[in-house]
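Visitor: One structure, as structure tokens, below. Some questions next.
The values are calculated or read from the model by the stated rules, or taken from the named source; none is laboratory data. Since this is a predicted model, take the numbers as computed values, not measurements. Cβ placement follows ideal geometry from the backbone for every residue including glycine, while neighbour counts extend to all protein chains displayed. Keep in mind that these areas ignore ligands, DNA and RNA; they rest on the heavy atoms of the full protein, side chains included. Shrake-Rupley method; radii C 1.70, N 1.55, O 1.52, S 1.80 Å.
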Amino acid sequence: MNLATLVFSALYQFGDAFAFLVLSACGLAVIFGMMGVINLAHGEFIMCGAYVTAATVHAGLPLPLGILAGTIVSALVGVVVELVVIRHLYDRPLDTIVATWGLSLIATQGTLIMVGSTMAGVGTPFGSFQVGDYSYSIYRIVLFCAALGVLAGLYALFNWTRFGVLARATIQVPHMAAALGVDTRLIYSLTFACGAGLAGLAGGLYAPTMTLVPTMGATFIMEAFVTVVIGGADVFLGTAPAGGVLAIVKSVMTSWQGQLFGQIGLLVAVIIVVRVLPKGISGFVLRERT
Amino acid sequence: MSKSVLRGLRAAALTGTLVLGSSLALAAENPIKLGVLEDQSGDFAAATIGKVHAIQLATEEINKAGGIMGRPLELVAYDTQSDNTRYQEFMRRVLQRDKVDVVFAGFSSASREAYRPIVDQFNGFAFYNNQYEGGVCDGHMIVTGAVPEQQFSTLIPYMMEKYGKNVYTLAADYNFGQISAEWVRKIVKENGGKMAGEEFIPLGVSQFSQSIQNIQKAKPDFVVTLLVGTAQASYYEQAASANVNLPMASSVNVGQGYEHKRFKPPSLKDMYVTTNYIEEIDSPKSKEFYAKFKAKFPSEPYVNQEAENSYLAVYLYKQMVERAKSTKREDIRKVIALGDVCMDAPEGKVCIDPKSQHMSHTIYLAKVGADHAISFPKTWEDIKPYWLGEAGCDLTKKDPMAQYTPSNPPPKP
């Protein structure tokens, strides 16, 4: 086996792990990392996106539009959840754990009762390509590009747009922002919806590659929390490097010793990073800058 | 309404206690209580909701026809949520508080091993209506599902002859996957093949890029997939999209999780499964069972082998109680010891083996085509669960209440 094949396969596995970590974590990075809401229903927003995507594709929509529909529906559900539940609990972070956990149980069981125990898959598009001895799925490259796109989009949104500035101001010093005439309630709502929509996007993107069941959100939740905890409060400066570091650990450990050690490696890396950098990677980077 | 009645009602509402109605004439008699502990939610629900429905169907039929010895059959069902600790909790509850006569319980082997000591401790009587890794030698248990000597001794040699002798095993990382992989290893060796590789996947893992690459690196002739739970089923779609294009063999797929219905063709192309029942089996008995099932549960996505195992188990229990004229376990085991507890099930004739209290089965080799249609290249009739008996487990003489494996056989006397 030649070197180029080995390098490509290592890069591919890294990209694959990176995409999964970043896409699972982005929505949570906004809701938990930025807003400080410990959202245990994150996986169910992902499930919602995946289900809506699959349903619309079954109804005849092309996959990209289906994914868009999944994203939008999840964002709208996010708005409703924020209005009804989360809004009243911003200064009670421990209570949000219970509330969002309850929401997640209701969502999982409600889906099971209403939609049934499984939903038919939609099939992965694009086919495969060959490098050396190995064949790879093209869609996995699409997922990697989508992860990069989402990170770039988030950076642009929170740094270059008026909404981004207002959102950061509102979350940093809410009463000052309100005094300056910012409608903080609206900003909170929109930011939460943005996080929920990103979760839905992750669900939509992974829907063609996975089993569609009410409990599918659970397979994302560990990776999502791990990435956000390591990343810290800044969506871009945290999630991107955290995803990178964890993807290296995970892909190297998995190719060396199998899936179990990949997961062990992931958790050990988290313990080390949290111990050394209590504010996460972004906390470390930002402190260096100031 | 008294406080205790209220509390009872509330507990019933909370836990979803299910009491099937029975006709007035029967209600006069003291009912026979059957506990049902199956996963109606959680990771395994897709494969197990049909088991509960099958038990309900059989119970309804039996009660309509006059019950068991004139006594109606009453179900006490709890949702175990794919959670091992729930099994322990509810097993204690059905045995101690509900005082059921028999319990039908369990999908995953982890949950079975979680509740089995409780059945032994409280001297209960349980049916495990599920295919599994084999080896349970316990007088408190009757197993109606298929075991490795029925599923692998047929499947693996067939695959090795057809595709080649290099075998790769991809298995779920818990007792079922580990022990089943041990069986595969043993049978591959006995047939002069070799293991190209093995990987064990933790339950709940859904991303398989690296495992797919490991398989491609090992270049096996076919892959034995012993993946369990809905998360792990994502493997097929991902392997197909990476164009792995290897034949697959399994004892759990299709027959339990109906992956060929859930995934878009051709992701399960060339999957071979040995199963004792799936709804595609084209015999009059099977058709009749399928029609009855669909009439009662029209929205059932699939009638799988565990549904059939559960259905026939209710009838087997009826037969044994009527022959023993008692619901006591010791009386029923005397009937089993006669060695002629058999019935014409939807799959064909099945009998209980007195030594191991496991069942003989008709084993169908199901092949999934490129369009996900099922064909049956081969059928083996009356395959006995012989391993435990040959290895030295004889429940008619001694009840060790243990589980054995090829590397840990029963102690020689």
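Visitor: When the accessible area of the protein assembly as shown is split by element with a 1.4 Å probe, what percent falls to carbon and sulfur?
Guide: 62 percent
Visitor: Modelled label-to-label distance, A:Asp133 and A:Leu11, 7 Å Cα→beta-carbon offset: nm?
Guide: In this crude spin-label approximation the distance works out to 2.1 nm.
Visitor: Quick check: from the Cα gyration tensor, does region B:149-275 come out rounded (a/c under 1.5), prolate or oblate?
Guide: Rounded shape, in that the Cα axes give a/c under 1.5.
Visitor: While we're on this one: Multiply the residue gap between A:Val165 and A:Leu186 by 0.36 nm, knock off their C-alpha separation, and tell me the result in nm, one decimal place.
Guide: Using 0.36 nm per residue and subtracting the Cα-Cα distance, I get 6.2 nm.
Visitor: Okay, helix-only estimate at 222 nm for chain B: each DSSP H run of n ≥ 4 adds -39500 (n - 2.57), divide by all residues, round to 500 deg cm²/dmol; what do you get?
Guide: One gets -12000 deg cm²/dmol as the mean residue ellipticity at 222 nm.
Visitor: Put B:Met359, A:Met35 in order of accessible area, largest first, 1.4 Å probe: what do you get?
Guide: Descending order: A:Met35, B:Met359.
Visitor: Given a Förster distance of 51 angstrom, what is the FRET efficiency for A:Tyr90 paired with A:Cys145, based on the Cβ-Cβ distance and rounded to 0.05?
Guide: Efficiency, rounded to the nearest 0.05: 0.90.
Visitor: Using 7 Å Cα-to-Cβ label points, what is the B:Met401/A:Asn2 separation (nm, one decimal)?
Guide: In this crude label model, B:Met401 to A:Asn2 measures out at 6.5 nm.
Visitor: Normalized C-alpha radius of gyration of region A:132-206, against 2.2 N^0.38 Å?
Guide: My calculation over the Cα atoms of region A:132-206 gives 1.52.
Visitor: While we're looking at this one, here's another question. Can you give me the relative contact order of region B:149-275 as a percent, contacts being Cα pairs under 8 Å and 6 or more apart?
Guide: This gives 28 percent for region B:149-275.
Visitor: Please list, or write none, the aspartates and glutamates whose alpha carbon is within less than 19 Å of the alpha carbon of B:Lys325, excluding same-chain residues fewer than 8 places away.
Guide: Reachable aspartates and glutamates: B:Glu29, B:Glu74, B:Asp101, B:Asp340.
Visitor: Which helices count as membrane-span-like in chain B under these terms: full DSSP H, at least 24 Å along the axis by C-alpha, Kyte-Doolittle mean of -1.0 or more?
Guide: Helices passing the filter in chain B: B:45-64, B:305-324.
Visitor: Within chain A, which DSSP H helices have Cα atoms that stretch 27 Å or more along the helix axis and a mean Kyte-Doolittle hydropathy of at least 0.0?
Guide: Qualifying helices: A:3-28, A:63-84, A:93-115, A:138-160, A:184-206, A:235-257.
Visitor: Moving on to the next point. Given a Förster radius of 56 Å and the C-beta distance between B:Gln96 and A:Trp256 as r, what FRET efficiency does 1/(1 + (r/R0)^6) yield to the nearest 0.05?
Guide: The calculated FRET efficiency here is 0.70.
Visitor: Which lysines, on any chain, are close to B:Lys294 with Cα under 16 Å apart, when same-chain ones fewer than 8 places away are left out?
Guide: Of all the lysines, those that pass the test against B:Lys294 - Cα under 16 Å, at least 8 places apart if same chain - are B:Lys51, B:Lys285.
Visitor: Something else now. Using a Förster distance of 22 Å, how high is the FRET efficiency between B:Glu330 and B:Thr85, based on the Cβ-Cβ distance and rounded to 0.05?
Guide: 0.15
Visitor: Let me ask another. If I measure Cβ to Cβ between cysteines in the protein assembly as shown, which ones have no partner under 4.7 Å?
Guide: A:Cys26, A:Cys48, A:Cys145, A:Cys194 - these cysteines have no disulfide-compatible partner (Cβ-Cβ under 4.7 Å) in the protein assembly as shown.
Visitor: If you average the alpha carbon positions of region B:145-170 and of region B:98-124, how far apart do those two centres end up, in angstrom?
Guide: Centre-to-centre (Cα) distance: 30 Å.
Visitor: Can you pick out the pairs among B:Lys162/B:Lys186; B:Lys186/B:Lys367; B:Lys186/B:Lys264; B:Lys189/B:Lys384; B:Lys318/B:Lys349 whose Cα atoms lie more than 26 Å from each other?
Guide: Over 26 Å apart, Cα to Cα: B:Lys186/B:Lys264.
Visitor: Which one, A:Tyr155, A:Gly243, A:Ser9, is farthest towards the positive end of the dipole of region A:3-289 when Lys and Arg carry +1 and Asp and Glu -1 on their Cβ?
Guide: Towards the positive end, the residue furthest out is A:Tyr155.
Visitor: Enter the buried accessible area of the A/B pair, total of both sides, probe 1.4 Å, in Å² rounded to the nearest 100.
Guide: Chain pair A/B: roughly 2900 Å² of buried accessible area.
Visitor: Moving on. When the convex hull of the Cα atoms of region A:3-289 is projected onto a plane and the area is averaged over all directions, what value comes out in nm²?
Guide: Hull-based average projected area comes out at 16.2 nm².
Visitor: Just to confirm my numbers, what's the Cα centroid distance between region A:197-252 and region A:130-148 in Å?
Guide: Spelled out, the Cα-based centre of one part sits 18 Å from the other.
Visitor: Under the classification rounded if a/c is under 1.5, otherwise prolate if a/b is larger than b/c and oblate if not, where does region A:106-175 fall, given a ≥ b ≥ c as square roots of the Cα gyration tensor eigenvalues?
Guide: The shape class here is oblate.
Visitor: Restricting to Cα pairs below 8 Å that are 6+ residues apart, what does the relative contact order work out to for chain B? Please round to a whole percent.
Guide: 17 percent
Visitor: Another one. Could you work out how far the C-alpha centroid of region B:287-319 sits from that of region A:9-82, in angstrom?
Guide: A separation of 38 Å, based on Cα centres.
Visitor: Report the net charge of residues surrounding B:Lys264, where surrounding means a beta-carbon distance below 12 angstrom and charges are Lys +1, Arg +1, Asp -1, Glu -1.
Guide: 0
Visitor: Now, a different point. Relative contact order, percent, of region A:17-171 when contacts are C-alpha pairs under 8 Å separated by at least 6 residues?
Guide: Value for region A:17-171: 26 percent.
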